[in-house]
Amino acid sequence: MADSAKGAKPGIWNSLEICKLMVAAATPILCVLLGGLLWLTQRDIVQHWERDQQEKFRFADAKIKESDKIRDFRLALYREAAPLLNEIVSYHFYVGRWKERSPADIIDKKRQLDTLLYSNRPLFSAEFVGLYHNFMRQAFRGAREFHGESRLRTSHRCHVPNDIDGRSSVYFTDEDTRSDLCTAYIALLERVSEELLLQSLKVSKAPETAPSICPPLYDLTRC
């Protein structure tokens with residue numbers, strides 16, 4: 001019995017030694033495997049972050065290009081519309097080349113502007129369209145019926161002093177909306193600067209200072 005026990009001890013110690021050796025050998029292998037797994041995980045995280053950043057950059061670049069295209073379209077439209085707006089204001093304020101224009105010419109310019117606006121309505125904000133309509137309401141009296149004509153909200157006698165038979169009077173309402181018209185014009189121009197994606201050009205915030213920016217209000221009693 002004693003001999004058997006003594007004979008088994010070397011076997012037990014041999015097994016323990018083998019286990020120790022296996023553990024010692026497996027430890028660096030596990031470290032390598034865990035390190036590789038950690039590296040792969042970190043690589044995936046970095047690649048995902050890089051792809052996310054690239055997608056954000058592509059999206060931002062596409063937005064910038066889209067904004068540039070919209071601005072270019074708006075700028076082209078404004079270059080066409082600006083002289084027409086100026087003609088309407090000049091006619092009401094009796095400045096510039098207003099004497100060379102007939103009332104029918106000014107009403108035709110309104111039609112041209114309306115065509116530009118409604119043909120390109122999706123390119124402009126609701127606020128801009130509202131300011132445009134307000135400007136037109138100050139400059140013209142609407143037709144109010146499908147076969148009617150818009151009329152100029154200004155003086156017939158001052159604009160057509162030689163209209164002896166009064167034929168041109170149908171184009172006028174004989175109102176004087178110059179102060180409100182100028183305020184509406186300034187508000188429209190301020191919004192134009194924002195619609196073109198430029199800085200906001202606030203001409204005047206105080207109503208009492210707006211007339212100083214407008215053309216002179218000539219005395220119409222001398223017409």
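The values are calculated or read from the model by the stated rules, or taken from the named source; none is laboratory data. Not measured: the values here are computed from a predicted model. Because the Cβ atoms are built from the backbone with ideal geometry, glycine has one as well, and the counts that use them run over all protein chains shown.
For region 195-223, a tally of residues being at pLDDT below 55 and part of a loop (DSSP other than H, G, I, E, B) returns 7. Just so you know, in region 119-149 the residues that are modelled with pLDDT of 95 or more, part of a helix (DSSP H, G or I) and among the aromatic types (Phe, Trp, Tyr) include one that is surrounded by the most Cβ atoms within 10 Å (Cβ to Cβ), and it is 135.
Among the residues of region 101-117, some residue qualifies, meaning at least one is more than 23 Å from residue 223 (Cα to Cα), of a type in the set (Ser, Thr, Tyr), surrounded by fewer than 18 Cβ atoms within 10 Å (Cβ to Cβ) and within 25 Å of the chain's Cα centre (by Cα). A count restricted to region 157-194 and to residues that are touching a residue at least 40 places away in the same chain (Cβ under 8 Å), part of a helix (DSSP H, G or I) and more than 22 Å from residue 131 (Cα to Cα) stands at 5. Report whether or not residue 88 is part of a helix (DSSP H, G or I) and touching a strand residue (DSSP E or B) at 6+ places or on another chain (Cβ under 9 Å). Spelling it out, residue 88 is indeed part of a helix (DSSP H, G or I) and touching a strand residue (DSSP E or B) at 6+ places or on another chain (Cβ under 9 Å).
Only residues that are more than 30 Å from the chain's Cα centre (by Cα) and either free of Cβ contacts under 8 Å to residues at least 12 places away in the same chain or within 18 Å of residue 85 (Cβ to Cβ) (or both) were counted in region 142-156, giving 10. Scanning region 144-180 for residues that are touching an Asp or Glu at 6+ places or on another chain (Cβ under 7 Å) and charged (D, E, K, R) turns up just one, 153.
Just checking, does region 49-71 include any residue being hydrophobic (A, V, I, L, M, F, W, C) and more than 23 Å from the chain's Cα centre (by Cα)? For region 49-71, residues hydrophobic (A, V, I, L, M, F, W, C) and more than 23 Å from the chain's Cα centre (by Cα): present.
The single condition from (1) of a type outside the set (Phe, Trp, Tyr); (2) over 26 Å from residue 148 (Cβ atoms); (3) under 26 Å from the mean Cα position of the chain (by Cα) that residue 95 fails is (3). For region 50-100, the set of residues classified as surrounded by fewer than 10 Cβ atoms within 10 Å (Cβ to Cβ) and touching a residue at least 40 places away in the same chain (Cβ under 8 Å) is empty.
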